[in-house]
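Novice: Attaching a single structure in structure tokens format; questions to follow.
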Amino acid sequence: MNPTDNKGKVLLFNTLSKRKELLSPIVPDHVGLYVCGPTVYGEPHLGHARPAVTFDLVFRYLTHIGYKVRYVRNITDVGHLEHDADEGEDKIAKKARLEQLEPMEVAQYYMDSYHKAMDALNVKNPSIEPRASGHIIEQIEMVQKILDKGFAYVSDGSVYFDVEKFDKTFGYGKLSGRVLSELIANTRELDGQSEKRNPADFALWKKAAPEHIMRWNSPWSVGFPGWHIECTAMSTKYLGEQFDIHGGGMDLLFPHHESEVCQSTVANGKSSVRYWMHNNMITINGQKMGKSLGNFITLNEFFTGSHKMLTQAYSPMTIRFFVLQAHYRGTVDFSNEALISAEKGMEKLYAAERHLDKLKAGAQSTEDINAWVERCYEAMNDDFNSPKVIAELFEASRIINAVKDGHATLTAEDVETLKHYYRVFFFDILGMKPETANVADKYSEAMNKVMDLVLSIRQDAKANKNWAISDKIRDELNAAGITVKDTKDGAEWSL
RNA sequence: GGUCUCUUGGCCGAGUGGUUAGGUACCGGUCUGCAAAACCGUUGACUCCAGUUCGAAUCUGGAAGAGACCUCCA
């Protein structure tokens, strides 16, 4: 039983083919993984947690079974176009003006906030976290490349991708299943449309309006890159013209990822992504989360319980566990009831983990531990089926408790195997971490209460002149490293 | 309206054409001075209709419902 035996056995659902495919990296033993990261202009929320946790699982598992994974997750800090009231205004620029801050100050603030939330969720840092603002040159070069190949045109300082020409040459909509003629029929009147030859065309470079704060020089105008070009430019730079996995939320499938396909196909001569993976959305009480719906809950609000829809605080690990208890391609619905039941289940798994070191070996095994390990790997190999893995951990916790209570026995070898793989799957692969800080707080809080209680019992004994009890308490506490001093104002204690 | 996805027991959620998912809740029992934990057991499901099949929650067709994207948000 060797983790690396699972290389070449990983099935993943490819949005492009709509079926599970065997992961076969372009470069043997190496996997290139690109995931669309956050736009840093707001507090991190559940919508950020889902893809981060999902692809953290992918990253952790592929690494565990021996692949060298280069995981690139970008930071979008040049904002996206806004098509409503503020014409062509950059999201980050808008927020910046409202708060009277430099745009990059805002981006920095929310990027830090995002990183803190990711740390809390025990999401590993990607191998490279490139910022869009740091790759303006690469983006300009790619736009120029697309222009040179004749699949884009300049219109009043902006550059647009010629979708119709792309459709005739390569076929448009392979990823999202959109048909160009239907798209055109359904397109609304939007900003910049008059500059476009075709309403389905999308911007590669946008000329900045006078009030637009974030702006860079380019051969076409002072402006900013289009919505989709950063991912293509940065994934090409760090993972090559062709790479293995591109991930992101399902909502990015169209138009973002479809546009990425267009851009890379023209710029690099081929569609760069082998496997497209999309995580499903999150709903709250059955409704989608949106600022306008009043059910927009940030991660910090979950961690502190400070939102009117939450009946209690939920630790970062509860959120992570809850996300992992559903398969990444299904929607996840958050409700207090569901979170509480997840929290209880999670605590059961932590309790079982604590019992592992106390297990005593027997002469023979009444449980098949090797088969259990196999099932765990099979679940992960089958499109990262974390809910199945969690179910297997519950099965293991049943075994652990049974051995502890003497209802089952395991050989010394099986005890070691169980210990090892329980921790591998719970901590290393699912990425659960002991909430040590939390635990320490709970301990010190409980300690204070215990000492209050003990000292009040001693006070009662002294009041009754029961010196034997009061001295015993003081001496025994002293022996345990706790010094008790009687003062005028009552007893004090210190460690 | 278009494209796509989904519909499993009180709640959350895996899944294979025939065999217990699992968690949580509830109920009964063991254990415990009481309680908790743990363990054992019971109850409870596959949206509806039709078809294929010896047999379908699992395949096919249809209906209903929900959600996502097309429009700010992952």
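Novice: Among (1) within 30 Å of A:S315 (Cα to Cα); (2) touching a residue at least 12 places away in the same chain (Cβ under 8 Å); (3) not charged (D, E, K, R), where does A:G481 come up short?
Specialist: If we test A:G481 against (1) within 30 Å of A:S315 (Cα to Cα); (2) touching a residue at least 12 places away in the same chain (Cβ under 8 Å); (3) not charged (D, E, K, R), just (1) comes out false.
Novice: Of these, A:M1, A:M104, which one is away from RNA strand B (no atom under 16 Å from the Cβ), assigned to a loop (DSSP other than H, G, I, E, B) and modelled with pLDDT under 90?
Specialist: A:M1
Novice: Can you pull out the residues in region A:362-376 that are assigned to a loop (DSSP other than H, G, I, E, B) and open to solvent by 60 Å² or more (accessible area, probe 1.4 Å)?
Specialist: A:A363, A:Q364, A:T366, A:D368
Novice: When you go through A:A379, A:A408, A:A402 one by one, which is the residue that is open to solvent by less than 40 Å² (accessible area, probe 1.4 Å) and not in a helix (DSSP H, G or I)?
Specialist: Only one candidate qualifies: A:A408.
Novice: Where residues in region A:13-53 are more than 7 Å from RNA strand B (Cβ to nearest atom) and assigned to a helix (DSSP H, G or I), which of them is nearest to A:E230 (Cα to Cα)?
Specialist: So the residue we want is A:A52.
Novice: Determine whether A:I319 is under 23 Å from A:F426 (Cα atoms), under 18 Å from the mean Cα position of the chain (by Cα), part of a helix (DSSP H, G or I) and within 13 Å of RNA strand B (Cβ to nearest atom).
Specialist: Yes.
Novice: Within the set of pairs 6 or more residues apart or between chains, which connect a residue that is more than 9 Å from RNA strand B (Cβ to nearest atom) inside region A:373-392 to a residue that is acidic (D, E) with Cβ atoms less than 8 Å apart?
Specialist: A:R375/A:E392; A:C376/A:E392
Novice: Got a number for residues in region A:272-295 being touching a residue at least 24 places away in the same chain (Cβ under 8 Å) and either assigned to a loop (DSSP other than H, G, I, E, B) or within 16 Å of RNA strand B (Cβ to nearest atom) (or both)?
Specialist: Looking only at that region, the number is 13.
The values are calculated or read from the model by the stated rules, or taken from the named source; none is laboratory data. Predicted model only: the values in this text are computed from it and were never measured. Cβ: placed from backbone, ideal geometry, glycine included. Neighbour counts: every protein chain shown. In case anyone asks, the SASA skips ligands and DNA or RNA and just uses the protein heavy atoms, side chains included. Shrake-Rupley method; radii C 1.70, N 1.55, O 1.52, S 1.80 Å.
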